[in-house]
Amino acid sequence: MIKKRILVTGGAGFIGSHLCERLLHDGNEVISLDNYFTGDKQNIVYLLDNPYFEAVRHDVTIPYYVEVDEIYNLACPASPIHYQFDAIQTVKTSVIGAINMLGLAKRIKAKILQASTSEVYGDPFVHPQTEDYWGNVNPIGIRSCYDEGKRCAETLFMDYHRMNNVDIKIIRIFNTYGPRMHPHDGRVVSNFIIQALKNEDITIFGDGKQTRSFQYVGDLIEGMLKMMETDSSFVGPVNIGNPHEFTMLELAEKVIELTGSKSKLVFCPLPSDDPKQRKPDISLAKSKLHWEPTVQLQEGLKKTIDYFKGIV
Ligand SMILES: NC(=O)c1ccc[n+]([C@@H]2O[C@H](COP(=O)([O-])OP(=O)(O)OC[C@H]3O[C@@H](n4cnc5c(N)ncnc54)[C@H](O)[C@@H]3O)[C@@H](O)[C@H]2O)c1
């Protein structure tokens, strides 16, 4: 029996494809809406045989009408290389895309979840980051199209909720990795793995002592579903990430160990506005969603390395 009809914007992307797969697996009907800017049909091609799956080529900045029970709004390039490629389009995707999807949710009375980001905290003074921290974001820098676009999308979600009673959910996703990450988007986990598999130098920005926390995509999907299931009194924002911190040096060494690579480490200047530390406080997710990540870095990296072995 079909449970719900669900729209996933950005459904052909890295996270979106895992979400579509899981929602279908749980017996739902799923529509992926994607303009394939950074997504790839290969990410969802194996789902096309499923009669309960539809892939729609559409840009979220243009209104789209469909009857669904739930909307997951993921459409937006997520890596600096891609979101800086056309910064104005990135802002439009976040802001106009949010307006279009919120308008749809309002009209059809659907529940809607926004895939926000830890980037709303900018280069934070509070560590680890709690949801009540307002962040330290440069409004005019090269990352601002993404950071401020996502912040404005959160504002729109809250205003549609306050003014129109739209049933919203906001999650702030921290660094996520796993199979189907874009191989050339310059994100640190995929970069290191590809460089290691090719026995090329591993490029570390800065001194490599800046930390990140990495969450495996399966953990994130679980958190997204749990957030969507909460009743309408809880809207978030809620951090979804793995608080276990690693330095870039530690990550590089772990990747070299797991791939058995002969790669050497080389150091490059830190890009502008690159945050030095980022780590989620997930107390709220633990108490409200009864969620916490379960996949250890070693286990998640192994699965990701296996995926990249098949494509590089
Ligand atoms: N991956 C992470 O670590 C991370 C962290 C924080 C937040 N997020 C958020 O999660 C969401 C998914 O990220 P991802 O890592 O899967 O990135 P991704 O680039 O793989 O996926 C984004 C998808 O959105 C599509 N898209 C972009 N612009 C669009 C538009 N105008 N209309 C329709 N589709 C469009 C792309 O083609 C792609 O399929 C994004 O909103 C991102 O901001 C991701």
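The values are calculated or read from the model by the stated rules, or taken from the named source; none is laboratory data. Owing to the predicted nature of the structure, the values given are computational and were not obtained by experimental measurement. With ideal geometry, Cβ positions are generated from the backbone for all residues, glycine too; neighbour counts draw on all protein chains shown. What goes into the accessible areas is simple: the full protein's heavy atoms, side chains included, and nothing from ligands, DNA or RNA. Shrake-Rupley method; radii C 1.70, N 1.55, O 1.52, S 1.80 Å.
Numbers at a glance
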read-out: Residues of region 173-196 classified as on the phi > 0 side of the Ramachandran plot and open to solvent by less than 20 Å² (accessible area, probe 1.4 Å), total; value: 1
read-out: For ASN165: the one exception among (1) within 15 Å of the ligand (Cβ to nearest atom); (2) surrounded by fewer than 23 Cβ atoms within 10 Å (Cβ to Cβ); value: (1)
read-out: Residues satisfying the stated conditions in region 234-264, i.e. over 25 Å from ILE221 (Cα atoms) and not in a helix (DSSP H, G or I); value: GLY260, SER261, LYS262, SER263, LYS264
read-out: In region 22-45, the residues that are within 13 Å of the ligand (Cβ to nearest atom) and closer than 22 Å to LEU225 by Cα; value: ILE31, SER32, LEU33, ASP34, GLY39, ASN43, ILE44
read-out: Residue within region 199-213 that is among the aromatic types (Phe, Trp, Tyr) and either in contact with a His (Cβ under 7 Å, 6 or more places away or on another chain) or in a loop (DSSP other than H, G, I, E, B) (or both) present; value: no
read-out: Region 126-145: number of residues that are touching a strand residue (DSSP E or B) at 6+ places or on another chain (Cβ under 9 Å) and open to solvent by less than 20 Å² (accessible area, probe 1.4 Å); value: 1
read-out: Hey, ILE282 over 25 Å from LEU113 (Cβ atoms), surrounded by 15 or more Cβ atoms within 10 Å (Cβ to Cβ) and aliphatic (A, V, I, L, M) or not; value: no
read-out: Any hit, region 100-108, residues being surrounded by fewer than 20 Cβ atoms within 10 Å (Cβ to Cβ), in contact with a helix residue (DSSP H, G or I) (Cβ under 6 Å, 6 or more places away or on another chain), over 22 Å from GLN215 (Cα atoms) and not aromatic (Phe, Trp, Tyr); value: yes
read-out: Total residues in region 1-21, condition more than 20 Å from LEU104 (Cα to Cα) and near the ligand (Cβ under 10 Å from one of its atoms); value: 7
read-out: For THR90: the one exception among (1) within 14 Å of PHE157 (Cβ to Cβ); (2) within 10 Å of the ligand (Cβ to nearest atom); (3) touching a helix residue (DSSP H, G or I) at 6+ places or on another chain (Cβ under 7 Å); (4) in a helix (DSSP H, G or I); value: (1)
read-out: Of all residues making up region 98-115, the number that are part of a helix (DSSP H, G or I) and within 11 Å of the ligand (Cβ to nearest atom); value: 3
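Conditions tested, residue by residue: (1) more than 13 Å from the ligand (Cβ to nearest atom); (2) in contact with a strand residue (DSSP E or B) (Cβ under 8 Å, 6 or more places away or on another chain); (3) modelled with pLDDT of 95 or more.
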{"position": "LEU47", "(1), (2), (3)": "yes, yes, yes"}
{"position": "ALA55", "(1), (2), (3)": "no, yes, yes"}
{"position": "ASN73", "(1), (2), (3)": "no, yes, yes"}
{"position": "ILE81", "(1), (2), (3)": "no, no, no"}
{"position": "ILE96", "(1), (2), (3)": "no, no, yes"}
{"position": "THR117", "(1), (2), (3)": "no, yes, yes"}
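Every residue, every condition in (1) modelled with pLDDT of 95 or more; (2) more than 14 Å from the chain's Cα centre (by Cα), yes or no:
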residue: GLY178; (1), (2): yes, no
residue: HIS184; (1), (2): no, yes
residue: MET227; (1), (2): yes, yes
residue: PHE234; (1), (2): yes, yes
residue: THR247; (1), (2): no, yes
residue: PRO269; (1), (2): no, yes
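A quick yes/no check of all residues on (1) within 11 Å of the ligand (Cβ to nearest atom); (2) surrounded by fewer than 19 Cβ atoms within 10 Å (Cβ to Cβ):
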{"residue": "ILE171", "(1), (2)": "yes, no"}
{"residue": "LYS198", "(1), (2)": "no, yes"}
{"residue": "ASP207", "(1), (2)": "no, yes"}
{"residue": "GLN215", "(1), (2)": "yes, no"}
{"residue": "THR230", "(1), (2)": "no, yes"}
{"residue": "PRO237", "(1), (2)": "no, no"}
